[in-house]
Each structure stands twice: as C-alpha cells, then as structure tokens.
Amino acid sequence: MLVLGIESSCDETALALVDEGRPLASVLASQADIHALFGGVVPELASREHYRYMGPLFDELMRRAGVGPQAIDLVCASRGPGLLGSLLVGVGFAKALALGLGVPFLGIDHLHAHLLAAGIDNELTFPSLGLLVSGGHTHIYRMEAPWRFITLGRTLDDAAGEAFDKAAKLAGLPYPGGAQLDRLARTGEPGALALPRPYLDNDNLDFSFSGLKTAAALWLEKSCPESWPRPLPSPEAAPKALRDFCAAFNKAVVDTLCAKTERALRRNPDIRTLVLAGGAAANSLLRERAAELMRAHGGRCLVPPPRLCTDNAVMTAYAGWLLGKEGYFHDLAMETIPRGRKIPEDMLCAPEA
Ligand code: KG4
Ligand code: ZN
C-alpha cells in the first residue's frame, strides 16, 4: 500500500510517501526564516506560503520517488490541530487529489502522528504512554492502538515548547529559542536560581506553564545584569547568569513533565513503553530524564529520530498507513480542526473482506 502524507499544520509544507510503512521519499519546505522576521508564526503568511509550495513540492516528491500519482493508494493530510488556514491548504489539496485519483482520503490527527512516528524505526507496541511536547501542545495519552488514544492530561495554558520559546525570547535569545535555551542550559548551573515547579500540587495529569513563565520574567526583570546583551549577538557571548537561567528554566520544565509522566505510569501499571515526541522532545535533558525514568520503571523510552520529531510528512503518511491498512478512511466532507477544538471521532471503516 503506497500512502501519501501531507503536512501543513503550521510553518512547514511537507509531503511524503510511505510504502507498506517504509519511508520512500519526502520533501519539505520550511517557512522558519520568513516567520523569524516577525518573532513568531504569522498565520496568514503561513497559509499563503503553503499554497505557493504545495503543487511544486508534490511534483518534486513524485520525481524523487520515481512513481506517478496513479501509484498512490491512499491520500492523507494532517486535519488538525493547527492553524486553520494552513491546514485547509493541505486538506483541500489532499481531498482534490483523492477525488481525482479515485482513492480513499484520510485526515490525520497531527498529535497522534507525532507519537506514532516512534514506530517507523522501532517496534511500537500497545498500550504505550505517549508524552507529546510540541510548540503548540503538551499532552499525555494512553495509546491503546493507532486509532485509539485516550487523553490523560494536557496543558491548561502554554505548551512546553511555547514556554521554552517564550523564556528564550525574554532572555534575548533568537526565535525559535527552545533549542538555543537547551544548548546554553548544558553549560549553566540549574541551582543558581530558584524557579517554581508549576502545577504539581494536585492529583491530575494536566500541566500549566504560565506561572513558571511569569516567575522567569520577574527574575529576568529583577536580576538580569546590565552587562547581559539583549538580543544576544551570538550564543558564545552568553554570560554566566544567562547560562544559569537557561539551566534553571530547562530543569523546571523537565522536572514538571517527568513528575506527571511518573504519576501517569503509576496509574497505568500495565504500560512499559513511553513514547516521547514533538519538537520539544529534542530537548537533551528531557530525553535523558525520560530514559532514566523508564529504566527505573523496568520499561523503555522511544523517541523518534530528530528529523521525525519536528513537523514532517513522513509521520503523517506512516500514521495514515497504520490506519489505512485497517480499512479506515474519511468522507470528503471531513472537517478541518483548528487548535483548541477537539478532533471528532469520525473515521469510517471498510475492512477488507
Ligand atoms: O512539534 P514542533 O516542531 O512544532 C510545533 O509545535 O508547531 O515543535 C516546535 C517546538 C518549538 O517550541 C521549539 O522551541 C521546541 O519545539 N524545541 C525545543 C528544542 N528543539 C525544539 N524545545 C526545547 N529544547 C529543544 N532542544
Ligand atoms: Zn507538530
């Protein structure tokens, strides 16, 4: 089964083909440089860029794969959550293509695809615990099957990646600052300043990072030395106080994520696998600590490789293959879902006889 995946939920336009679950070819155009000029993604610009790139990228994908569109058995696209205008470009293209080719169409939950990507290079078994940490979302799931995810907890305000980016911006690091903050954190002392571990004093599995962000902003306002150049001309120019701030902030976020993950594991004793995914899964401290946590728990932690952690279409096509081979598809009237709205359970199923 040859599956086409299209990803356009934020600022990457990406298309990929997987053949029986194995990546065959992929193309990706990032808009990061455009949005960096504005310090964040500008939705209207993002949709226009997706629209500009979609057609040429599809042609390039076919050329790289050495197949024609008629070879495609299933067309998938991220249906949400994400920026509505951006998603609509990918979903509209996918529906038109499926209709033209006479093949089924399937809308993919972008967050589920991030987690399922762990199965591309490893054997992913179910049930697993999924911790999705991206720029827009922080969710803990019990993953029962590729088509059945139970949300155990989610962020009530900022996502982990967003918290990293906002703290980095306040500290004068260039956008998107999560990776920079992580890099500088490795050279600082986390104990040099005290930041709160937010929203742990409860018995749920939700997250809230806005209080930590405020505490970080207050510390920067009061304690940021005059000598601290903002914006920072280069990472090498980072003073010790900045490195310590990054280390302390990084550790506060990671401690919080790990505390709730451990709580989820205690409540789901049949689970032995943790899947860590989303852009912020690239965080080095989080990867180390999640691996330690699972070792102590007698299990394992799976993290997709970095190229599959950030937004990409291989994960979309792979998730589509996992569902499509079980007969799942969508009606062409399927709705596209913006960030903040629950994705409906509206897949149709036509298992092969
Ligand atoms: O999943 P993703 O690629 O895109 C969206 O959510 O749209 O995630 C991007 C997020 C950004 O917030 C970025 O700062 C964060 O992932 N990120 C990191 C690291 N690398 C990327 N956060 C912390 N440490 C990193 N090493
Ligand atoms: Zn994403």
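The values are calculated or read from the model by the stated rules, or taken from the named source; none is laboratory data. Just so it is clear, the model here is predicted, and its values are computed rather than measured. Cβ atoms come from the backbone with ideal geometry, glycine included; neighbour counts cover every protein chain shown. Quick note on the areas: whole protein, heavy atoms, side chains included, nothing else; ligands and nucleic acids left out. Shrake-Rupley method; radii C 1.70, N 1.55, O 1.52, S 1.80 Å.
Things worth noting here:
- Antiparallel DSSP beta bridges within region 126-303, percent to nearest 5: 60
- Backbone phi angles across region 235-249, fed through the Karplus curve with coefficients 6.51, -1.76 and 1.60 (θ = phi - 60°), yield HN-Hα couplings of x, 5, 7, 5, x, 4, 4, 6, 4, 5, 4, 4, 5, 5, 5 Hz in residue order; Gly and Pro are listed as x.
- Taken over the C-alpha atoms, region 126-303 has Rg and Dmax values of 16.4, 53 angstrom.
- Of the residues Ala252, Ala77, Ala238, the one that moves most in a GNM of the chain with alpha-carbon contacts below 10 Å is Ala238.
- For region 75-127, the Cα gyration tensor yields ellipsoid semi-axes of 24, 15, 7 Å (square root of five times each eigenvalue, largest first, whole Å).
- Under 14 Å from Lys166, Cα to Cα: aspartates and glutamates that are on another chain or at least 8 residues apart: Asp157, Asp158, Asp182
- Cβ-defined net charge surrounding Tyr175, 13 Å radius [Lys, Arg +1; Asp, Glu -1]: -2
- The trypsin sites (Lys or Arg not before Pro) of region 111-181 include none that meets both conditions, a loop assignment by DSSP and at most 10 other Cβ atoms within 10 Å of the site Cβ.
- In this structure the chain gives 43 Å² per residue of accessible area when probed at 1.4 Å with all protein chains present.
- Within the listed set Glu60, Glu189, Glu123, the residue fluctuating most in the Gaussian network model of the chain (springs between alpha-carbon atoms under 10 angstrom) is Glu123.
- Among beta bridges that DSSP assigns inside the chain, antiparallel share in %, nearest 5: 65
- Summarising the label geometry, the points placed 7 Å from Cα in the beta-carbon direction at Asp270 and Ala96 lie 4.6 nm from one another.
- q = 0.07, 0.10, 0.15 Å⁻¹, the chain: log10 I(q)/I(0) [Debye, one scatterer per Cα]: -0.30, -0.61, -1.25
- Only helices enter this figure: runs of n ≥ 4 DSSP H residues, each worth -39500 (n - 2.57), summed and divided by the residues of the chain, yield -13000 deg cm²/dmol at 222 nm to the nearest 500.
- Cα-derived Rg over Rh, computed across region 210-353 with Rh taken as Kirkwood radius: 1.09
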